[in-house]
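Shown next, in structure tokens, is the structure this report addresses.
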Amino acid sequence: VEHPYYNFDALNIPEHHPARDMQDTFWVNGGYLLRSHTTTVQARILQKKPDLPIRVFSKGRVYRNEAVDASHLAMFHQFEGIWVDRGLTFAHLKGVLSFIARSLYGEHNIRFKPKFYPYTEPSIGVDLACSVCNGQGVHDGHDCEACHSGGWVTILGAGMIHPKVFLEFGY
């Protein structure tokens, strides 16, 4: 159970954002909610203002009011890492994400695509090539039905911490 400040406000998610709707979030008595992402840990860490470098890995259950189907559940596990230090660039982020993806899934093709998350800027999605068609969307000369999105499956979203999140905590 999480306070809306850590789940939304501190992370640059505005009042009118659809994630705050009853259709997307499980709200409980007292104005609290079941956390919808692990970025709440980032907010709590930054609030403490630890010395640099900051390196944190968190994991846990998150909840979204989703229609359950083959690719969506109302409860799932998420992990998050933050690394804050002077001199880090987007290239460092891409390198870490590539390493994680290949460590978890082996030598598949990966791709980065622009995304939007209110708490990161710039934001990216990381896709993994389907092992059947290796991202080509074609298997044995036919459209690959084993893969989604033309042979790619999104495995994670990421980005550099948004400047407004840093400002929220006095950085």
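The values are calculated or read from the model by the stated rules, or taken from the named source; none is laboratory data. Given the structure is predicted, the values throughout are model-derived calculations rather than measurements. Every residue, glycine as well, gets a Cβ built from its backbone with ideal geometry; the counts of neighbours run over all protein chains shown. These area figures cover heavy atoms from the full protein model, side chains too; ligands, DNA and RNA do not enter into them. Shrake-Rupley method; radii C 1.70, N 1.55, O 1.52, S 1.80 Å.
For L33, indicate whether it is open to solvent by less than 60 Å² (accessible area, probe 1.4 Å) and within 13 Å of the chain's Cα centre (by Cα).
Against the criterion (open to solvent by less than 60 Å² (accessible area, probe 1.4 Å) and within 13 Å of the chain's Cα centre (by Cα)), L33 does not qualify.
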What pairs come out if I take residues in segment 30-48 that are in contact (Cβ under 8 Å) with a residue 60 or more places away in the chain and part of a helix (DSSP H, G or I) and pair them with residues that are small (G, A, S) and open to solvent by less than 10 Å² (accessible area, probe 1.4 Å) whose C-beta lies under 6 Å away, six or more apart or interchain?
A43/A10
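So that you can scan it fast, the table gives a plain yes or no per residue for (1) modelled with pLDDT under 95; (2) outside any loop (DSSP other than H, G, I, E, B); (3) under 14 Å from the mean Cα position of the chain (by Cα):
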{"position": "V56", "(1), (2), (3)": "no, yes, no"}
{"position": "F79", "(1), (2), (3)": "yes, yes, yes"}
{"position": "I82", "(1), (2), (3)": "no, yes, yes"}
{"position": "R86", "(1), (2), (3)": "no, no, no"}
{"position": "I100", "(1), (2), (3)": "yes, yes, yes"}
Looking at (1) open to solvent by 30 Å² or more (accessible area, probe 1.4 Å); (2) assigned to a helix (DSSP H, G or I), which one does P14 not meet, given that it meets all the others?
(2)
When the residues of segment 106-121 are narrowed to those that are of a type outside the set (A, V, I, L, M, F, W, C) and in contact with a strand residue (DSSP E or B) (Cβ under 6 Å, 6 or more places away or on another chain), which ends up nearest to F166 (Cα to Cα)?
T120
Neighbours by Cβ (under 7 Å, 6+ apart or cross-chain): first from segment 84-100, of a type outside the set (G, A, S) and open to solvent by 70 Å² or more (accessible area, probe 1.4 Å); second part of a loop (DSSP other than H, G, I, E, B) and at pLDDT 95 or above
R86/L52
What residue, of A43, A74, A19, is under 20 Å from the mean Cα position of the chain (by Cα) and under 14 Å from F169 (Cα atoms)?
A43
Is it true that V1 is free of Cβ contacts under 8 Å to residues at least 24 places away in the same chain, loosely packed, with under 14 Cβ neighbours inside 10 Å and over 23 Å from Y171 (Cβ atoms)?
no
Which residues, counting only those in segment 49-62, are open to solvent by 40 Å² or more (accessible area, probe 1.4 Å) and touching a residue at least 12 places away in the same chain (Cβ under 8 Å)?
K49, L52, P53, R55, F57, K59, R61
Within segment 109-118, take every residue that is open to solvent by 40 Å² or more (accessible area, probe 1.4 Å) and outside any strand (DSSP E or B) and give me the one that is nearest to P14 (Cα to Cα).
Y117
